[in-house]
Amino acid sequence: MIVLGIESSCDDTGAAIVNDSKEILGEALQSQEEHKQYGGVVPEIAARAHLEHVDEIISVCLQRAHINLKDIDAVAASAGPGLIGGVVVGVMTAKALSLALNKPFVAVNHLEAHALCARIANDICFPYLLLLVSGGHCQILVVKDVGSYERLGTTIDDAAGEAFDKVAKMLNLGYPGGPMIEKLASTGDDSRFTLPHPLINSGDCNLSFSGLKTAVRKIVESYSPDGILEHALLSKQDTADICACFQTTATDCLVKKLEAAIKYFKQKYPQGQDLVVSGGVAANTYLRSALKTLASRYDLTFAAPPIRFCTDNGVMVAWAGLERFRKCYTNSLDFKPRPRWPLDESAPKAPGAGGVKA
């Protein structure tokens, strides 16, 4: 079984071909550099770039896989959630190939692609506990099966990755901000500044990063002679210390909420053995280390996708497409791309979890 997957939900145009032996036959990725000057992704520019690159990316992917389109059993694409212009480009491309090749079309929820991605490189069985943490999403879920999810908590405001990017912007570190914060944090003092831990004692698994982000802003403004953020006079060590304190605090918040989730998970799903992290922020090695320690403390196995597959890519879409296809979860060509598509919209909520739909 061979599936082609197309990713175009944000600012990365990706394609990959995988088979049911967990082999990545070919892959290609075009990351858009056009957005760096704006400090974030501009949807219109992203959509146009996807349209410009998608055909070439698929062609390169096929060349690297040494196969022809006729050898593919199904075509999958990220069909939401995401920036709708880019999502439409990927979905329409996949539909066109599906129609021309007379092959099934699989609409992949972008969040499900992240949720299942770790299974291509690790021996992970259902159910497992998942922290999905990226620039646009931050959720704690039980992955019961392909297409079956129970959400235990979500962010009520900013996603963790969004907070990383916004703090990096305050510090003039460029975009994306997560890698730069992690790099500078390694040389910083994570005890120099005291930062809040929002919702830490809320009694549920929900998260909040807006207050943490605001607290960092106030610290940066305190280094400005006129209180204006852009005029802050920070030394390299000041910046490194702020990064370290922010990264440590954000990680502490995630770990604390996951502890509550683990207790629920082990009680309701005693057969579950794995704690998985996925999404762009899962590339952060400090967070990975903290989660590995947490998993060990509760006798769970820690797993994550390879770092290069944490950010958006075609491999995760192709793999999710394959997982859905072998369960006969295919879609008709009148499927409409979805800018919002909660993973658990038909799944039961955990008692007392208080999950707010993202």
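Per-structure values
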item	result
Which listed residue is surrounded by 20 or more Cβ atoms within 10 Å (Cβ to Cβ) and either more than 21 Å from ALA113 (Cα to Cα) or in contact (Cβ under 8 Å) with a residue 40 or more places away in the chain (or both), from ASP274, ASP252	ASP274
Odd one out for CYS243 among (1) out of contact with any strand residue (DSSP E or B) (no Cβ under 9 Å at 6 or more places or on another chain); (2) within 26 Å of ALA304 (Cα to Cα); (3) open to solvent by 10 Å² or more (accessible area, probe 1.4 Å)	(3)
Subset of segment 173-201 that is at pLDDT 95 or above and of a type in the set (Ser, Thr, Tyr) - its residue that is farthest from ASP158 (Cα to Cα)	THR187
Pair list, Cβ under 6 Å, 6 or more apart: segment 80-106 residue touching a residue at least 40 places away in the same chain (Cβ under 8 Å) and under 17 Å from ALA320 (Cβ atoms), other residue hydroxyl-bearing (Ser, Thr, Tyr) and open to solvent by 20 Å² or more (accessible area, probe 1.4 Å)	PRO104/THR330; VAL106/THR330
Filter result for LEU132 (open to solvent by less than 60 Å² (accessible area, probe 1.4 Å), within 15 Å of LEU254 (Cβ to Cβ), free of Cβ contacts under 8 Å to residues at least 60 places away in the same chain and touching a Ser or Thr at 6+ places or on another chain (Cβ under 9 Å))	no
Residue satisfying condition, being outside any helix (DSSP H, G or I), closer than 30 Å to GLU34 by Cα, out of contact with any Cys (no Cβ under 6 Å at 6 or more places or on another chain) and among the aliphatic types (A, V, I, L, M), within set LEU199, LEU233	LEU233
Scan of segment 57-80 for residues that are open to solvent by 10 Å² or more (accessible area, probe 1.4 Å) and touching a Ser or Thr at 6+ places or on another chain (Cβ under 9 Å), ordered by number	ILE57, ILE58
Any chance LEU152 is crowded, with 24+ Cβ neighbours inside 10 Å, at pLDDT 95 or above and not in a helix (DSSP H, G or I)	yes
Test: ALA121 is among the small types (Gly, Ala, Ser) and open to solvent by less than 10 Å² (accessible area, probe 1.4 Å)	no
Complete set of residues in segment 216-249 that are over 13 Å from LYS169 (Cα atoms), touching a residue at least 24 places away in the same chain (Cβ under 8 Å) and hydroxyl-bearing (Ser, Thr, Tyr)	THR248, THR249
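Here is a yes/no grid of residues against (1) farther than 21 Å from LEU333 by Cβ; (2) without any contact (Cβ under 8 Å) to a residue 40 or more places away in the chain:
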{"residue": "SER9", "(1), (2)": "no, no"}
{"residue": "ALA15", "(1), (2)": "no, no"}
{"residue": "VAL18", "(1), (2)": "yes, no"}
{"residue": "GLU23", "(1), (2)": "yes, yes"}
{"residue": "GLU33", "(1), (2)": "yes, yes"}
{"residue": "GLU44", "(1), (2)": "yes, no"}
{"residue": "HIS50", "(1), (2)": "no, no"}
{"residue": "ASP55", "(1), (2)": "no, yes"}
{"residue": "LEU62", "(1), (2)": "yes, no"}
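The values are calculated or read from the model by the stated rules, or taken from the named source; none is laboratory data. Small disclaimer: the values here were computed from a predicted structure and weren't measured. Neighbour counts are summed over all protein chains in view; Cβ atoms, including those assigned to glycine, are modelled from backbone coordinates with ideal geometry. SASA here: full protein model, heavy atoms, side chains in, ligands and nucleic acids out. Shrake-Rupley method; radii C 1.70, N 1.55, O 1.52, S 1.80 Å.
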